[in-house]
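A.B. asks: Mind looking over this structure? Questions follow.
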Amino acid sequence: MTVTARGALPSTPYDVTVVGAGVVGCAIARELARHPRLRVALVEAQDDVGQGTSKANTAILHTGFDATPGSLEARLVREGSRRLAAFAAESGIPVEPVGALLVAWDEEQRAALPRLAEKAERNGYRAAQLLDAAQLYAREPHLGAGALGALHVPGESIICPWTTTLAYATQAVLHGVDLHLNSAVQQVNRPEGAHLLTTDRGTLRTRCLINAAGLHADTLDRDLGHHDFTVTPRRGQLLVFDKFARSLVRHILLPVPTALGKGVLVTPTVYGNVLLGPTAEDLDDKRATASTADGVALLREKGRRILPALLDEEVTAVYAGLRAATEHDDYRITAHPSQAYVTVGGIRSTGLTASLAIAAHVTELLADTGLALGPERELEPVRMPNLGEAFPRPYQLAELIDADPEYGTLVCHCERVSRGEIRDALAAVIPPNSLDGLRRRTRARSGRCQGFHCGAAVRALFEEGQR
């Protein structure tokens, strides 16, 4: 197993290198790990997997009901949804099939609902159902006044996006993929038939290159002479409400979609919180992940109409992420056989759902470039720590605590995180390199006090684990 975060990169050439350890890059690395003769690297600019666009996903496992019929995105989301649901069940990733309601707030939106139902059918999804106002309010009694009806999509689910990315990367590393963190790619050359990547940690040579660099995929693409798309960072700000708000909402509440995306939604999370967001702000700065007063005010205004009682609950966190929007309505996944190169660009918020199907598609394209994949094997399953509220957590398992009392010793009382879980995360295949990394793996410091009470104890355990 090789996971590095510092020092020079290996000088031995790789067969395939994936740039970008977001959910899609990690899924591709995992898929390539099925071929044991390939020497595969996964390089990431930041100090952890899932730190870019994947970090601020709204955590929905889509059915693909509203994708553009016939598009590559529609096919990969449909296939990916089935694959990810099966992978999550195998790996212990929390998923809750809560369903979604697309709520119409005016006559124009209500008129659009039958067309959305027809679109769902064209995408192969036949369970969508039109609801009138009375049926809608029976399902969501706390919904704001004035809703005229809805489209019910029962197959939509909520999922833990962070554990999904980490599970892909963990399985890839356990099957021989080398993960190199803190390795931002600054330049790409292709002398003598191989790619030479210049990174923060030195050079890396690879025969084949897969560009899954998210926000920076267009820059890497241009370095190799392609001008197929331009990434515009689209900021999404979100509010996280305390667990006390969870009883207010039963479904994912979506607006009727617009050209800018699915709009501001209210959704429960698998952690027991409620999310309100995201905004959709097209920016020039690919580092602009700060929240703003205007963004928060907009979300509160939208939230007040959707679920008025939500605004009376405590906000435990505000955060923002950037999506990799392009001028195209579909994914930009393209093979360049003469360069032994595959671009994976324009992956929108559906990328989490589609990730495993994208990985299979990219591997097929890679083979078409002339790479001999060699024999294929089944991957040994991984089992991830459960962070979901709908499933038993370690502090609730008497037999586990009896065998190891560390699971009964709570450190973070808001999220009920035990010393045993923190110890396990620090000793994992891909350990955290920061307190935020530890938080994403365990939920420690994510509750209503945001680490006010447990912060010092969590830091002490983290620093002890770094020695």
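A.B. asks: Which of the aspartates and glutamates could a cross-linker bridge to Lys243, judged by Cα under 12 Å and excluding same-chain residues fewer than eight apart?
C.D. replies: Lys243 reaches Glu313, Glu314, Glu389, Glu415.
A.B. asks: Hey, what number do you get for the chain at 222 nm if only DSSP H runs of n ≥ 4 count, each worth -39500 (n - 2.57), divided across all residues, to the nearest 500?
C.D. replies: Roughly -9000 deg cm²/dmol at 222 nm, from the helical runs in the chain.
A.B. asks: Same structure again: Using unit Cβ charges (K, R positive; D, E negative) and no other charged atoms, how large, in debye to the nearest 20, is the dipole of the chain about its Cα centre?
C.D. replies: Dipole magnitude for the chain comes out near 340 debye.
A.B. asks: Extension gain Arg250-Arg82, at 0.36 nm per residue separation less the Cα-Cα distance, in nm?
C.D. replies: Residue separation times 0.36 nm, minus the Cα-Cα distance, leaves 58.2 nm.
A.B. asks: Still on this structure, I have one more. For semi-axes √(5λ) of the Cα gyration tensor in Å, the choices are (1) 35, 29, 20; (2) 40, 32, 16; (3) 42, 23, 19; which was calculated from the structure?
C.D. replies: Among (1) 35, 29, 20; (2) 40, 32, 16; (3) 42, 23, 19, the one calculated here is (1).
A.B. asks: Another question about this same structure. Ordered by packing density, taken as the mean number of other Cβ atoms within 10 Å over each peptide's residues, highest first, how do 138-144, 228-234, 162-168 rank?
C.D. replies: Output ranking for 138-144, 228-234, 162-168: 162-168, 228-234, 138-144.
A.B. asks: With θ set to phi - 60°, apply the Karplus curve 6.51 cos²θ - 1.76 cosθ + 1.60 along the stretch 453-467 and write out the HN-Hα couplings as whole Hz, x wherever there is a Gly or Pro.
C.D. replies: Those phi angles translate into 8, 9, x, 5, 5, 5, 4, 4, 5, 5, 5, 5, x, 7, 6 Hz.
A.B. asks: Can you list residues whose amide H is under 5 Å from Gly149's amide H, if they're 5+ apart or on another chain and H is modeled 1.01 Å from N?
C.D. replies: For Gly149, whose amide H was placed from the backbone, the distant partners under 5 Å are Ala104.
A.B. asks: Once a ≥ b ≥ c are taken as the square roots of the eigenvalues of the Cα gyration tensor of the stretch 327-370, is the result rounded (a/c under 1.5), prolate (a/b larger than b/c) or oblate (a/b not larger than b/c)?
C.D. replies: Judged from the Cα gyration tensor, the stretch 327-370 comes out oblate (a/c at least 1.5, b/c at or above a/b).
A.B. asks: Further question: Taking θ as phi - 60°, what are the ³J(HN,Hα) couplings along the stretch 161-168 by the Karplus curve (6.51, -1.76, 1.60), each to the nearest whole Hz, with x for Gly and Pro?
C.D. replies: These are the phi-based 3J(HN,Hα) values: x, 5, 5, 4, 4, 5, 5, 4 Hz.
A.B. asks: Follow-up. Rounded if a/c is under 1.5, else prolate if a/b beats b/c, else oblate: with a ≥ b ≥ c from the C-alpha gyration tensor eigenvalues square-rooted, which is the stretch 294-449?
C.D. replies: In terms of gyration-tensor shape, oblate.
A.B. asks: Starting from the 7 Å offset along Cα-to-Cβ, what nm value, one decimal, do you get for the label separation of Thr292 and Leu373?
C.D. replies: In this crude spin-label approximation the distance works out to 4.5 nm.
A.B. asks: Sticking with this structure for a sec: Please work out the FRET efficiency for the pair His413 and Val318, using the Cβ-Cβ distance as r and a Förster radius of 22 Å; give the result to the nearest 0.05.
C.D. replies: 0.50
A.B. asks: Now for a separate question. Probe radius 1.4 Å, ligands and nucleic acids ignored: give me the carbon and sulfur share of the accessible area of the stretch 4-117 as a rounded percent.
C.D. replies: Within the stretch 4-117, the accessible surface is 49 percent carbon and sulfur.
A.B. asks: Using the per-residue mean of other Cβ atoms lying within 10 Å as a proxy for protection, in what order, highest first, do the peptides 14-23, 280-289 fall?
C.D. replies: In descending order of packing, they fall as 14-23, 280-289.
A.B. asks: Turning to a different aspect of this structure: State the antiparallel share, in %, of DSSP beta bridges confined to the chain, rounding to the nearest 5.
C.D. replies: Approximately 70 percent, going by the DSSP bridge assignments.
A.B. asks: What order, most packed first, do the peptides 25-33, 202-210 have when packing is the mean number of other Cβ atoms within 10 Å of each residue?
C.D. replies: In descending order of packing, they fall as 25-33, 202-210.
A.B. asks: Could you pull the Cα extents of the stretch 1-160 along its three principal axes, largest to smallest, in whole Å?
C.D. replies: Extents along the principal axes, in whole Å: 65, 31, 29.
A.B. asks: Moving on. Can you work out the FRET efficiency for the pair Arg459 and Arg300, with r the C-beta to C-beta distance and R0 = 35 Å, to the nearest 0.05?
C.D. replies: For R0 = 35 Å, the calculated efficiency reads 0.60.
A.B. asks: Under a Cβ-Cβ limit of 4.7 Å, which cysteines in the chain have nobody to pair with?
C.D. replies: By the Cβ distance rule, which asks for a partner under 4.7 Å, the isolated cysteines are Cys26, Cys160, Cys208, Cys414, Cys449.
The values are calculated or read from the model by the stated rules, or taken from the named source; none is laboratory data. For clarity, every value in this text was computed on a predicted model and none was experimentally measured. Methodologically, a virtual Cβ is constructed for each residue, glycine included, from the backbone with ideal geometry; neighbour enumeration extends over all protein chains shown. Side chains included, ligands, DNA and RNA excluded: accessible areas come from the protein's heavy atoms. Shrake-Rupley method; radii C 1.70, N 1.55, O 1.52, S 1.80 Å.
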